[in-house]
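To start, the structure itself, in structure tokens.
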Amino acid sequence: MRILASPLLLALALLAPAPAFADGSDRDASAPDAELRALKQELVALNRDLFLLEEELLFPASTQVAVYLSMDVGKYFALDAVELSINNQRVAKYLYTEREVDALHRGGVHRLYLGNLKTGSHELVAVLTGRGPQGREYRRAASLDFDKGLGPQQLELVLQDSEALQQPTFQVRAWE
């Protein structure tokens, strides 16, 4: 019969000191080390599985909505913050550091929001703040009316430089 231990008991077992022998020697010290390593690997795998299960339970694929931010700007806009609202309810607000903005410039994508929505019609509004042309404060909004179907919905907020307008453009689009 195999007894299942909770992750807390496994963690406590990993932290416990190895048993000492009466004569003070550490005979077969490699055997407990191997067992300890095996237990640690099992604990990491169990933790990963629990995290995936929790995410699946909290955000089932049928109601899941994810909003991402990507950018291809540099000349006409320096991003400071993004505020995201769905159906007139603020769901996310994020203040970017220089390192994060640099990562976005190099092709990174930031997940702004992951949540659940019912099927049907919804409105997403993103308000972006930063520094625009000539270093002036810049605050602009982009919106999208979208229909949430039965499967997961993924939306992307795209920031781009417009050479023709000599200013940034913002748009929200649904991933296909």
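Please treat every number below as a calculation from the coordinates, not as lab data. Model, not experiment: these values are computed from the prediction. Glycine gets a Cβ as well: all are built from the backbone with ideal geometry, and neighbour counts include every protein chain shown.
Close amide H contacts of residue 80 (hydrogens built in the peptide plane, cut-off under 5 Å, sequence separation of 5 or more or a different chain): 129, 130, 131. Each of 57, 114 has some number of other Cβ atoms within 10 Å of its Cβ, and from fewest to most they run 57, 114. For the range 64-174, the square roots a ≥ b ≥ c of the C-alpha gyration tensor eigenvalues yield an a/c of 1.5 or more together with a/b exceeding b/c, which makes the shape prolate. The order of 170, 77, 51, going from fewest to most other C-beta atoms within 10 Å of their C-beta, is 51, 170, 77. Among 125, 73, 109, the order by Cβ neighbours within 10 angstrom, fewest to most, reads 109, 125, 73.
Taken along the Cα-to-beta-carbon direction at a fixed 7 Å, the label points for residue 176 and residue 99 span 3.8 nm.
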